[in-house]
Amino acid sequence: MLNLCILAIHLKLIKLFMANSVSIYEKIKNFNNKIEVDGDKSLSIRWALMASQAIGRSRAYNILNSEDVNNSLISLKKLGIKIKKKNNFCEIISKGLNSFSHKNNTIVNAGNSGTFARLIMGVLSNCKNTVIIKGDKSLSSRDFKRVIKPLNLFGVKINSKNNRLPLKLKGTKFLRPIKYYEKKGSAQVKSCIMLAALNTNGKTIIKCKKSRDHTEKLFKHLNLPIKIIKKKNFDIIEIFGKKQFKGFDYKIPGDISSASFFIALTLLRKNSKMLIKNININNTRTGIIDVLKQMNAKIEFKNKKIYNGENIADIVVSSTKKLKAVNCSSNMNSRMIDEFLIIFLICAKAKGISYFRNLEELRNKESDRLKIAISFLKMIGIKVVSNSNNLKIYGKPNLELKKKYTIKNFNKDHRVFMMTCIAALSLGGKWKIYDKDSINSSFPNFLSIIKFLGAKIK
């Protein structure tokens, strides 16, 4: 009887495991469609954090309904912020800077979101009660020293084991303004410091390598005292703290990181065209577009407009027969840090040798994306040469896949899953791809849109 019970449990686990996978056995047929992708994750999380520090009511429309954003909202609720979520908007009511109300040792769970985990640390810099920040297995393996170091300079006390989650953070009433040089091009580090500076008397100065600038644009939109001096390779940001601001409404545009998978699918599929509506084309996020245009990709922006400092447009992309290799400057890296996997896939079909340099930041994402990319490209028959954190990809314009492929054990990295689906639909072969629930962290509607375009996925 006991053996039968064990067998039943074993079969149930196998069924659950199999249900969390997709099978793709044929290429997608050519298409000509219009689509919309989910709201921008970076802006969704930043809106929630800024709204939690505003005075009064704030509303966001088209906020991303994903695990990362929902974990952020749940965490803010635990810190005493009033949040109401309906079908078409999310509402936050707050009392201004440092208005959190929570018990000592309150636990907030960032899940898989490095953005929320690092940025909330800056927001909490002035809190009087200790907060424990934890995350999932993937996030808990990532180094938080890059934000712990500047926050310590502000006077924030942080206890952790090997600079990793979980960590304990206790703010101080006596925050001191700092001068800090951010050398990695990390928007998360820069934004964490900026949010801590909001609660600090005096002027905080950040010299930072260029990276996505959504936080700066939000500060400007809210008329916060910020000065930005742009240099060739870095920016200097000056922030004067303790300025209260009112609640605000925000309509979140579509995420270019999510759009990138459909851009790739269209480029790699014959006789296809797509219009992707209402995408955030912030210049610090469009490195993928610039690189693909260098590769001869047919991409254009239409209906361009500016909304609260952000550039928005529809993206029109058409199949491209003669993609050529690219010699990519490392100065582009921060502008497409989340799109490298899909760019590498496109390079696999390009004529010539593509070069990428200084890719060490890819090792600090949800998985070691550089290692995974190299293994994946080799698996599909592409020659790659890697030297430290540099990469050469020898493209095959006539690449067609016939074999069976199984993809698993990639640390549930959502972008690995989505990139693999695009490879299967555009290159052929018979694929079994596990951990489909990984997309819930950033792009829950990914498979629905793929099926809408005509893909046969089991």
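Some points to look at:
- Least to most buried among T420, T204 (fewest other Cβ within 10 Å first): T420, T204
- Taking Lys and Arg as +1 and Asp and Glu as -1, the other residues whose beta-carbon sits under 14 Å from that of F89 total +4.
- Counting DSSP beta bridges with both ends in the chain, the antiparallel % (nearest 5): 70
- Of the trypsin sites (Lys or Arg not before Pro) in region 131-174, the ones in a loop by DSSP (not H, G, I, E or B) with at most 13 other beta carbons within 10 Å are K173.
- Compared with the dominant Cα axis of the chain, that is its longest principal axis, helix 187-198 is turned about 20°.
- Taking a sphere under 14 Å around the Cβ of S258 and counting the other residues whose Cβ falls inside, with K and R at +1 and D and E at -1, yields a net charge of -3.
- Pairs of Cα atoms nearer than 8 Å and 6+ residues apart set the relative contact order; for region 337-434 it is 31 percent.
- By the count of other C-beta atoms within 10 Å, a proxy for reagent exposure, M194, M379, M419 are ordered fewest to most as M379, M194, M419.
- Averaging the sequence gap over all C-alpha pairs within less than 8 Å and six or more residues apart, then dividing by the number of residues, gives region 41-240 a relative contact order of 16 percent.
- Sites K430 and R176, calculated FRET efficiency, Cβ-Cβ separation with R0 60 Å, nearest 0.05: 0.50
- Shape of region 266-355, Cα gyration tensor, a/c cut at 1.5: oblate
- Charges were assigned to the Cβ only: +1 to each Lys and Arg, -1 to each Asp and Glu. The resulting dipole of region 41-240 about its Cα centre is roughly 360 debye.
- Shape of region 41-240 from the C-alpha gyration tensor: rounded (a/c under 1.5, with a ≥ b ≥ c the square roots of its eigenvalues).
- Of all DSSP beta bridges confined to region 41-240, the antiparallel ones make up roughly 80%.
- Using only side-chain charges placed at the Cβ, +1 for Lys and Arg and -1 for Asp and Glu, the dipole size of the chain relative to its Cα centre rounds to 460 debye.
- Among N331, F262, S94 - extreme Cα towards positive end, dipole of the chain, charges at beta-carbon: N331
- Per residue of the chain, the DSSP helices (runs of n ≥ 4 H) give a summed -39500 (n - 2.57) that works out to -9500 deg cm²/dmol at 222 nm.
- Listed peptides 322-334, 438-450 by packing density, highest first (mean Cβ within 10 Å): 438-450, 322-334
- For the chain: relative contact order, % (alpha-carbon pairs under 8 angstrom, 6 or more apart): 18
- Local electrostatic count at H221 - Lys and Arg +1, Asp and Glu -1, tallied over other residues with Cβ under 13 Å: +1
- Packing-based exposure ordering (other Cβ within 10 Å, fewest first) of C347, C421: C421, C347
- Signed unit charges on C-beta, dipole axis of the chain, positive-most listed residue I353, C421, I342: I353
- Cα→Cβ-extended label distance, 7 Å offset, between K378 and N20, nm: 2.7
- With the highest mean first, a sort of the peptides 285-297, 233-245 on other beta-carbon atoms found within 10 angstrom per residue produces 285-297, 233-245.
FYI, it's all coordinate maths here, none of it is from the lab. Computed from a predicted model, the values in this text were never measured in an experiment. Backbone-built Cβ (ideal geometry, glycine too); neighbour counts: all protein chains shown.
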